[in-house]
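Worksheet for the structure shown next.
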Amino acid sequence: VNERCQTSRPEILAAGDVTIVVDSSGKATRLETWENANTQAVIAARTILNLEPTPATVPWFWTDQCGMNLQFAGDMQAPDWVVRGRVKEPSFMAWGLRKGVVVGAITVNQGREMRPAKELIAKGAAVPVSVLADLKVSLRNLAKAPEQFADKLG
């Protein structure tokens with residue numbers, strides 16, 4: 001389907017786990033998540049009603065496994081990853097980067113950090129690796145003004 005949940009026949013719509021979305025860049029993605037099914041239902045309804053599409057959102061999903069809360073947002077196939085915290089600790093984050101731009105995030109037992117992570121992904125923020133890894137940096141403040149760290153980019 002396209003961004004409006006239309007198949008190759010525009011009068012036929014599909015939404016949810018059965019779809020592979022081809023975005024305007026030509027990238028095909030399949031998102032088998034509860035949130036995606038709900039988002040696509042709204043998109044399909046707006047298409048049927050001939051309303052403007054809702055703005056694209058950052059793909060997100062979560063799971064609880066083995067006593068841990070895991071949340072994922074954005075592109076999980078990012079070529080570069082930066083860890084914030086220590087993987088051997090009970091909670092940490094990982095940032096997915098493509099050419100220095102934040103495109104993905106994973107939180108482990110740090111659900112409160114997912115909102116600012118999604119904001120940085122949505123903004124296409126270029127944030128220095130040293131800032132993303134620094135536990136002293138407030139992610140909420142960073143998400144509000146990522147450009148404040150532009151001078152630290154290599």
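The table that follows gives values for the structure above.
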| item | result |
| --- | --- |
| Verdict on Pro116 being without any contact (Cβ under 8 Å) to a residue 60 or more places away in the chain and open to solvent by less than 40 Å² (accessible area, probe 1.4 Å) | yes |
| Test result for Thr57, under 26 Å from Lys99 (Cα atoms), touching an Asp or Glu at 6+ places or on another chain (Cβ under 8 Å) and exposed (fewer than 15 other Cβ atoms within 10 Å of the Cβ) | no |
| Scope the stretch 119-141; condition buried (at least 20 other Cβ atoms within 10 Å of the Cβ) and in contact with an Asp or Glu (Cβ under 9 Å, 6 or more places away or on another chain); matching residues | Ile121, Ala125, Leu139 |
| Residues located in the stretch 10-32, provided they are closer than 21 Å to Gln71 by Cβ and either in contact with a helix residue (DSSP H, G or I) (Cβ under 6 Å, 6 or more places away or on another chain) or at pLDDT 90 or above (or both) | Gly16 |
| Residue within the stretch 15-24 that is in a strand (DSSP E or B), more than 25 Å from Leu132 (Cα to Cα) and in contact with a strand residue (DSSP E or B) (Cβ under 6 Å, 6 or more places away or on another chain) present | yes |
| Extreme residue, surrounded by the fewest Cβ atoms within 10 Å (Cβ to Cβ), among residues of the stretch 74-112 that are acidic (Asp, Glu) and either in contact with a helix residue (DSSP H, G or I) (Cβ under 7 Å, 6 or more places away or on another chain) or over 19 Å from Val131 (Cβ atoms) (or both) | Glu89 |
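The values are calculated or read from the model by the stated rules, or taken from the named source; none is laboratory data. Because the structure is a prediction, the values reported are computed rather than measured. Positions of Cβ are generated from backbone atoms using ideal geometry, with glycine treated the same way; all protein chains shown enter the neighbour counts. What goes into the accessible areas is simple: the full protein's heavy atoms, side chains included, and nothing from ligands, DNA or RNA. Shrake-Rupley method; radii C 1.70, N 1.55, O 1.52, S 1.80 Å.
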